[in-house]
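Worksheet: the structure to be examined is printed underneath.
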């Protein structure tokens, strides 16, 4: 397999507090990689740094995508290289129709087909606005549909199952598998065991550091058995 | 039809694909170019009269009780020359149970020193329904002063919905005032969508009086400003009767050196009335920008998508 994303020594500090502390992480093409960790351990921060979101500039370290440093690139240029991010709580847009939202990227394909793929009837949703009239679950599904439409080389999914009913977890697993292609990888952030099982590898983030990377079952077990409810005890020494 | 009237209509047809319906004898309409009444057409159930009175063009549209008007009634007013004044008075009456849609086109494409003043009086009798849309097309120079003032009376169980939009060309100087009084069981929704740029100055004052029992109303304002444009938005809702429900929703988006002010006034004088409001003034939301840019849109394209959506 080919290395797609390479993160070396990535640190991010806010107001003197280290959110990420020398993180190393590598994703290979064709891989689904899950990031596990308690709330506040820096998972979403890592996602935002890879995407290049506003206000997220590494304090130290490098991020390479397909061998190319991308630290200095703005978010849209990273997107054009094939990286995308679905937010845990996606933004809402007054007056922007679902149809238009799903066709923002280049060569987006048929928006109706993407909607159907995430379990939403095209007739009922294409002409609705991506605004506050959508429920949280509907908005999340549309966000996943937009990730499918973009056909990214790296899809970063931040809690894709949050707010979606348990019965639909199998559907979400199917979607995550759709995003994985021989030349494309998925970085999955989730607290849901059922979703984490879809991954090929897992990394365990605690106190802003990657403590372990390996088989998802082993990492999930280590995470479950941690002595402290917040971290593994290494950070708080609990 | 005067030569300028032809130009006005030609622009209208170019601007709105469905405007050709105005030529149909089955469509009631009034066309006013500057201070000239160009054309007026009545249809069964809808009387249309125009006259000049002390330097003011007066247009009266009356829909008979119980009549449901199939095609929208159109009014087209404007000034094609770079300079000129226009003073209009529009009176619209809907009889009991009548239903109509009124589309007003206001065209000032070459305005460098143009002044358009309009006083409108709209009366909806019991159970009537009026959907009123007023769209402005201004030129690129910002040389237009627009002063529309309207007083609307929404009768018992009547429904009134208005949508004022000025999003094509420079707004110029806009001073819009509307006062809508809603009787028992009536409903009123007032929407204004305006884009300002350059040195445009926009002043909006919407007043909604929920005077009757169970009257309901909404004031919705969307303003997007850039460059050195300024806007002041005053929304007033008065809840004066049992069961009256009102809401004001004002959003102003500012960029560059633009300045915006929003002032919602809630005035409730009956213990069983309820009025709520939300107002937001600020720059483009960063998360929205990041989301669109994560789809590959440049920052400029992303802002366009957000502003266009807001004003849609």
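Couple of notes before you dig in:
- Complete set of residues in the stretch A:217-232 that are modelled with pLDDT of 70 or more and either assigned to a helix (DSSP H, G or I) or surrounded by fewer than 17 Cβ atoms within 10 Å (Cβ to Cβ) (or both): A:217, A:218, A:219, A:220, A:221, A:222, A:223, A:224, A:225, A:227, A:228
- Being in a helix (DSSP H, G or I), surrounded by fewer than 21 Cβ atoms within 10 Å (Cβ to Cβ), within 14 Å of another protein chain (Cβ to nearest Cβ) and touching a helix residue (DSSP H, G or I) at 6+ places or on another chain (Cβ under 8 Å) is a condition met by at least one residue of the stretch B:289-302.
- Residues that are facing chain B (nearest Cβ under 8 Å) and surrounded by fewer than 17 Cβ atoms within 10 Å (Cβ to Cβ), drawn from the stretch A:102-131: A:106
- Selected residue (criterion: modelled with the lowest pLDDT) from residues of the stretch A:31-60 that are assigned to a strand (DSSP E or B) and either within 12 Å of chain B (Cβ to nearest Cβ) or crowded, with 18+ Cβ neighbours inside 10 Å (or both): A:36
- Options B:194, B:190: the member that is in a strand (DSSP E or B) and closer than 21 Å to residue B:254 by Cα: B:194
- Just one of the listed residues (A:99, A:92, A:80) is within 14 Å of chain B (Cβ to nearest Cβ) and in a loop (DSSP other than H, G, I, E, B), namely A:92.
- Among the residues of the stretch B:169-193, those that are without any contact (Cβ under 8 Å) to a residue 60 or more places away in the chain and closer than 18 Å to residue B:116 by Cβ comprise B:170, B:171, B:173, B:174, B:175, B:176, B:177, B:178, B:192.
- Where strands (runs of 3 or more DSSP E) fall entirely within the stretch B:1-114, those with at least 1 residues that are touching a residue at least 40 places away in the same chain (Cβ under 8 Å), surrounded by 14 or more Cβ atoms within 10 Å (Cβ to Cβ) and in contact with a helix residue (DSSP H, G or I) (Cβ under 7 Å, 6 or more places away or on another chain) are at B:29-33, B:73-78, B:99-108.
- Selection of the stretch A:146-187 for residues being within 12 Å of chain B (Cβ to nearest Cβ) and assigned to a helix (DSSP H, G or I) yields A:146, A:147, A:149, A:150.
- Filtering the stretch B:183-215 to residues that are over 17 Å from residue B:145 (Cα atoms) and over 19 Å from the mean Cα position of the chain (by Cα) leaves B:183, B:184, B:185, B:186, B:210, B:211, B:212, B:213, B:214, B:215.
The values are calculated or read from the model by the stated rules, or taken from the named source; none is laboratory data. On a predicted model such as this, the values are computed, not experimentally measured, just so you know. Neighbour counts run over all protein chains shown; Cβ positions are idealised from the backbone, glycine included.
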